[in-house]
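Working notes, beginning with the structure itself.
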Amino acid sequence: MMETDKGVIFDLDGVIVDTAKFHFLAWRKLANDLGFDFTQEQNEQLKGVSRVESLKKILEWGELELSKTEFKRQMALKNENYLSYVAKMDKREILPGVQKIIDYLIINNVPFALGSASKNARTILKKISLLEKFDAIVDGTDVSKAKPDPEVFLIAAGKLRVKPENSIVFEDSVAGIQAAKNAQMLSIGIGDPKTLGEADYVFPDFTKIDLDFIKKVLTK
Ligand code: BG6
Ligand code: MG
């Protein structure tokens, strides 16, 4: 077994599963129904961001203001639409390469947590049969401050009993990488280095991360 006092925190959407595409589809439908559109580039700014903050940004892009009631109704509609995609998920949706890393952490007794902004995190983890594997789960129902605030990752590290500076975060969003940095954690971006340039390391996906690399960051 490996000697380490480190712990790992995974973001969910866009890291463990490709639900980022479902969020995009659902937000885009909302915008289209309200009479405007936004680009994939703008969508990068929504990744990692809470549901409320996402809708605020989108309405700014569309130069629209909604009443409180209508704002709530639109959030509910978006979530309903999003969950219709989630309903079809099963463990085949776990992104390639993720399971191998989770298995490696389990074998080596390295604690790992989920650190997600989503209020749907537990539903999704259940659908992909990963709910029981995590040592701790911190999601959108546990936090009051959205990424890039470090709150979600600090709570997760606390639950793992791992110091922030000994925590390693996997993230696909700019806001999430900033949150990891704000928490003094090592950040590993999953996605495009042009977007995630602030991360300590960036990989296009988990299949490009080998176990030697994981061992290196866990033991240094
Ligand atoms: C993050 C996603 O993980 O969760 C965001 O990257 C999403 O796109 C946020 O808005 C909140 O998710 P949910 O499921 O609570 O609407
Ligand atoms: Mg994400």
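The values are calculated or read from the model by the stated rules, or taken from the named source; none is laboratory data. Here the structure is a predicted model, which means the values were calculated and not measured. Neighbour counts are summed over all protein chains in view; Cβ atoms, including those assigned to glycine, are modelled from backbone coordinates with ideal geometry. Ligands, DNA and RNA are excluded from the accessible area calculation, which covers all protein heavy atoms including side chains. Shrake-Rupley method; radii C 1.70, N 1.55, O 1.52, S 1.80 Å.
Residues of region 181-206 that are touching a helix residue (DSSP H, G or I) at 6+ places or on another chain (Cβ under 6 Å), closer than 13 Å to residue 8 by Cα and either of a type outside the set (Ser, Thr, Tyr) or not assigned by TED's automatic domain parsing to the domain that holds residue 144 (or both): 185 alone.
Checking the structure you have, find out if any residue of region 70-88 is modelled with pLDDT of 95 or more, within 16 Å of ligand 2 (Cβ to nearest atom) and either on the phi > 0 side of the Ramachandran plot or exposed (fewer than 15 other Cβ atoms within 10 Å of the Cβ) (or both).
Scanning region 70-88, I find at least one residue that is modelled with pLDDT of 95 or more, within 16 Å of ligand 2 (Cβ to nearest atom) and either on the phi > 0 side of the Ramachandran plot or exposed (fewer than 15 other Cβ atoms within 10 Å of the Cβ) (or both), so the answer is yes.
Taken together, 33, 37 contain a single residue that is in contact with a Lys or Arg (Cβ under 8 Å, 6 or more places away or on another chain), more than 15 Å from ligand 1 (Cβ to nearest atom) and on the phi < 0 side of the Ramachandran plot, which is 37. Of all residue pairs spaced 6 or more apart or on separate chains, those with beta-carbon atoms under 6 Å, a first member in region 112-129 that is of a type in the set (Ser, Thr, Tyr) and more than 10 Å from ligand 1 (Cβ to nearest atom) and a second member that is open to solvent by 10 Å² or more (accessible area, probe 1.4 Å) and part of a helix (DSSP H, G or I) are 129/91.
Just the residues that are over 21 Å from residue 125 (Cβ atoms) and open to solvent by less than 70 Å² (accessible area, probe 1.4 Å), please, taken from region 1-21. Explain how you work it out, then say what you get.
Step one: filter region 1-21 for residues over 21 Å from residue 125 (Cβ atoms), giving 1-6.
Matches in region 1-21: 2, 4, 6.
Here residue 24 fulfils each of the conditions (1) surrounded by fewer than 20 Cβ atoms within 10 Å (Cβ to Cβ); (2) away from ligand 1 (no atom under 11 Å from the Cβ) apart from (2).
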